[in-house]
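So the structure is just underneath, and the comments pick up after that.
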Amino acid sequence: QVQLVESGGGLVQPGGSLRLSCAASGIVFSIYQMNWYRQAPGKQRELVAVIASSGNTNVADSVKGRFTISRDNAKNTVFLQMNTLSSEDTAVYYCYAAYRRLNYWGQGTQVTVSS
């Protein structure tokens, strides 16, 4: 059974930082591309960051310079380091794993940026 379990969300003040984690099980983690998506209330889900199995990364323009994606294949975990958070980053953040036609979603973790 495949599971993607996100953690690390919560309430943070503007300008603060959070580190999200997504622990995967039931897949050969190292061969999967891992993505982070987010969905704010009333908005469509958007792609935030991608890390390929090779380790190459890409992040959305809206978070460039503030968010960093990384992975630890030994721990089957992908991370999203989020710095200089603003209210516009408030959303549910989802982990996504993809390999060829296989893809899986996590359940999401809430990030709320508010004073």
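Before moving on, here are some points about what is shown:
- Debye log10 I(q)/I(0) at q = 0.16, 0.27, 0.30, 0.33 Å⁻¹ for the stretch 1-43, Cα point scatterers: -0.60, -1.09, -1.17, -1.24
- Nitroxide proxy distance, nm - points 7 Å out along Cα→Cβ at T84 and Q107: 3.4
- Normalised alpha carbon radius of gyration of the stretch 73-115 [divisor 2.2 N^0.38 Å]: 1.45
- Under the convention that each Lys and Arg Cβ holds +1 and each Asp and Glu Cβ holds -1, the size of the dipole of the chain around its Cα centre is about 220 debye.
- If you take the alpha carbon atoms of the chain and fit the smallest convex hull around them, that volume is 95 Å³ per residue.
- Net charge of Cβ neighbours under 13 Å - reference N83; Lys, Arg +1; Asp, Glu -1: +2
- Calculated accessible area for the stretch 18-112 comes out at 53 Å² per residue, all protein chains present (probe 1.4 Å; ligands, DNA, RNA ignored).
- Taking amide hydrogens as placed 1.01 Å from N in the peptide plane, the amide H of V48 sits under 5 Å from those of W36, Y37, R38, each at least 5 positions away in sequence or on another chain.
- Positive-end residue, the chain charge dipole about Cα centroid, Cβ charges, pick of Q39, G15, G55: G55
- Summary value for the chain: 36 percent relative contact order, contacts being C-alpha pairs under 8 angstrom separated by 6+ residues.
- For the stretch 99-104, the Karplus equation 6.51 cos²θ - 1.76 cosθ + 1.60, evaluated at θ = phi - 60°, returns couplings of 8, 6, 8, 8, 8, 9 Hz by residue, with Gly and Pro reported as x.
- Gained length - S25 relative to K75, 0.36 nm times residue gap less alpha-carbon distance: 17.0 nm
The values are calculated or read from the model by the stated rules, or taken from the named source; none is laboratory data. Please read these numbers as outputs of a predicted model, since none were measured by experiment. Backbone-built Cβ (ideal geometry, glycine too); neighbour counts: all protein chains shown. Protein only, heavy atoms only, side chains kept; ligands, DNA and RNA dropped before computing areas. Shrake-Rupley method; radii C 1.70, N 1.55, O 1.52, S 1.80 Å.
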